[in-house]
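A short write-up of the structure that comes next.
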Amino acid sequence: RGASAYRVEMCQEGRPILDAMVWTVGAGEGLEYDEAQMPSVPVPDELRPIEELTPPGVWPPFPFWRNLDYKPTGPTEWPPPPEERAAAWRPWLRFTSDRDFADPWVDAARSIVVIDVASWPSVQGRYADEHVPYVAPTLDLNVAFHRPTSEADWLLCDATAPVSTAGLFGWNARVWSRNGDLHASGGGQCRYRKL
């Protein structure tokens with residue numbers, strides 16, 4: 001009675017590229033607590049952008065990355081030394097568009113993009129500058145929204161991909177604002193495909 005479900009289908013040139021189920025709920029009553037603890041990382045103002053940390057011509061690897069300002073919180077040298085490589089990704093991200101994020105649907109989409117984009121970088125963190133002969137399309141994505149991000153400019157994406165086996169890996173990610181609020185969490189699974 002207090003929830004609505006929507007089915008979303010997105011096509012490109014007549015081919016389906018996305019099928020989603022979206023549940024929405026109105027404000028309600030329930031138990032209230034917050035045990036979420038943001039990782040201890042420097043704030044964006046204390047960090048250098050990715051363009052300054054990578055060799056000339058390396059960034060951005062794809063045009064998509066022009067949509068985001070990106071400040072890594074991890075190793076500050078490229079490639080990172082082997083002892084600092086892990087299947088994790090923890091950057092501050094800020095959308096470069098001048099959009100108004102007060103609209104709850106646009107605001108939610110921002111967290112969806114941050115969680116989804118974390119999949120491959122989480123795995124790639126283990127391999128840094130090594131040539132990896134794979135891509136890994138997302139098979140599924142789930143996102144839970146905890147509070148709006150509309151007041152936050154920079155978002156911390158805390159993502160890990162703890163297991164990669166049998167041609168698949170799963171990742172999970174959490175989206176934080178600089179004041180330590182957890183805004184969204186989610187993850188999914190990807191399947192490797194040879195380049």
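Tabulated data for the structure shown
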item	result
Relative contact order computed over the chain (Cα-Cα under 8 Å; 6+ residues apart), in percent	19
Dipole magnitude (debye, nearest 20) for the chain, charges at Cβ of Lys, Arg, Asp, Glu	700
Viscosity 0.692 mPa s, 37 °C: Kirkwood-radius Stokes-Einstein D of segment 33-77 over Cα pairs, µm²/s	263
From phi via Karplus (6.51, -1.76, 1.60), per-residue ³J(HN,Hα) for segment 46-51 in Hz, x at Gly/Pro	8, 10, 9, x, 4, 4
ALA144-ALA5 FRET efficiency (beta carbon distance; Förster radius 22 Å; 0.05 resolution)	0.90
Set of segment 152-195 residues, backbone N closer than 12 Å to the point 7 Å along the Cα-Cβ line of ARG126	161-171
Loop sites in segment 1-45: chymotrypsin sites (Phe, Trp or Tyr not before Pro), DSSP, at most 12 other Cβ within 10 Å	TYR33
Label-to-label distance, nm, for residues given as VAL25 and GLU13 (7 Å Cα→Cβ offset)	4.1
Label-point separation in nm, PHE64 to ASN179, each point 7 Å along Cα→Cβ	3.1
Cα point-scatterer Debye curve for segment 102-195, base-10 log of I(q)/I(0) at q = 0.16, 0.19 Å⁻¹	-0.65, -0.84
Loop GluC sites (Glu not before Pro), segment 37-79 (other Cβ atoms within 10 Å of the site Cβ: 10 or fewer; DSSP)	GLU77
Between 0 and 90°, nearest 10: helix 104-117 axis offset from the chain longest Cα axis	30
Farthest toward positive dipole pole in the chain [+1 Lys/Arg, -1 Asp/Glu at C-beta], among TYR134, GLY180, TRP89	TYR134
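All of the numbers you see were taken from the coordinates with simple rules; none came from a lab. Predicted model, so just to flag it, every value in this text is computed and none were measured. Cβ: placed from backbone, ideal geometry, glycine included. Neighbour counts: every protein chain shown.
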